[in-house]
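Worksheet for the structure shown next.
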Amino acid sequence: MGRSRRTIPEELLLLALDPTTGTTAQPQSLDLGLAGAQLVELALAGRIAPDGDRIAVVMPRPTGDPTLDSALELLRRRGSPVRAVHWIGGPRLGLRQTYLSHLERCGMVHAVAGQMCGVLPTTRYQATDTAISREIRARLDSAIRTGVPPDPRTAALAALAHAVGLGKHLYPGNEGRSSRSRLRDLIRHDPMGGLVAHAVMDVQNGVGAQQRRNPAQGAPPSAQGGRPSGVPMQPHRGSMARVAAH
């Protein structure tokens with residue numbers, strides 16, 4: 001996997017970066033989204049594939065991206081397919097900072113040191129090339145405006161942006177309501193992106209923790225608003241009869 005293309009985790013983080021404050025929108029759910037975006041990127045690279053509601057490693061060969069390869073190796077060590085909701089809900093300490101540091105090394109952002117309340121040190125991140133962020137945003141805008149099915153990468157990015165709650169950041173206010181609705185609807189255009197986005201929302205709604213407490217039970221429905229209407233839940237593995245700055 002070459003470096004000629006930005007990865008979905010990188011693009012998701014650039015979308016979340018506020019150009020005014022230098023902080024990231026939705027920081028807690030963004031961490032979940034970055035973990036999910038790694039899964040989508042690995043799937044697009046042919047390293048993993050969905051197996052019902054689980055993720056299976058189908059090719060353990062490294063991609064050449066250290067952060068993705070770390071996730072791939074962790075998945076490989078599990079030995080058997082892992083539920084997407086459990087993987088995304090696992091500890092992902094430092095993942096956002098890892099990607100911010102990576103973007104800084106790549107020259108896409110630069111760090112600005114500061115202080116909170118004149119005492120606590122803080123770091124803000126400003127995009128060094130706003131054309132990159134505009135291009136990413138333009139792809140989403142085009143998919144929303146035209147209604148033409150987007151390519152898998154854009155569809156997955158849209159699904160994750162919706163799942164982590166970036167809709168109100170990207171399309172604020174009452175005037176952005178229809179765009180937020182169409183952003184949500186783009187989730188249906190990429191099966192892997194949809195699976196991962198649903199897992200991100202399920203983790204936020206506590207579904208992953210409930211499954212761990214009650215492993216013999218099937219996954220409970222998401223809390224109201226967690227799963228877009230009209231999008232079927234992914235079947236469970238082996239059930240044709242029962243079908244991780246600011």
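The values are calculated or read from the model by the stated rules, or taken from the named source; none is laboratory data. These figures come from a predicted structure and were not determined experimentally. Positions of Cβ are generated from backbone atoms using ideal geometry, with glycine treated the same way; all protein chains shown enter the neighbour counts. Each accessible area value is taken on the protein alone, full model and side chains, heavy atoms only, with ligands, DNA and RNA left out. Shrake-Rupley method; radii C 1.70, N 1.55, O 1.52, S 1.80 Å.
Accessible area of E11 (1.4 Å probe, protein heavy atoms only, ligands and nucleic acids ignored): about 10 Å².
With the other protein chains left in place, how much accessible area per residue, in square angstrom, belongs to segment 47-204 at a 1.4 angstrom probe? Walk me through the numbers on the way to the answer.
Values: 7620 Å² over 158 residues.
In whole numbers, segment 47-204 has 48 Å² accessible per residue.
Sort the following peptides by mean Cβ neighbour count (other Cβ atoms within 10 Å, averaged over residues), highest first: 161-171, 122-132, 189-199.
Details: 161-171: 22.5, 122-132: 15.1, 189-199: 25.4.
Per-residue Cβ counts within 10 Å, averaged per peptide and sorted highest first, yield 189-199, 161-171, 122-132.
For D51, nonlocal amide neighbours, meaning residues 5 or more places apart or on other chains whose placed amide H falls under 5 Å from its own, are A56. Note that segment 64-133 carries a Kirkwood radius of 14.8 Å, evaluated over its alpha carbons pair by pair.
Hey, what did segment 1-132 get for relative contact order, percent, Cα under 8 Å, at least 6 apart?
Values: 152 pairs, mean separation 31.1, N = 132.
Contact order relative to length: 24 percent.
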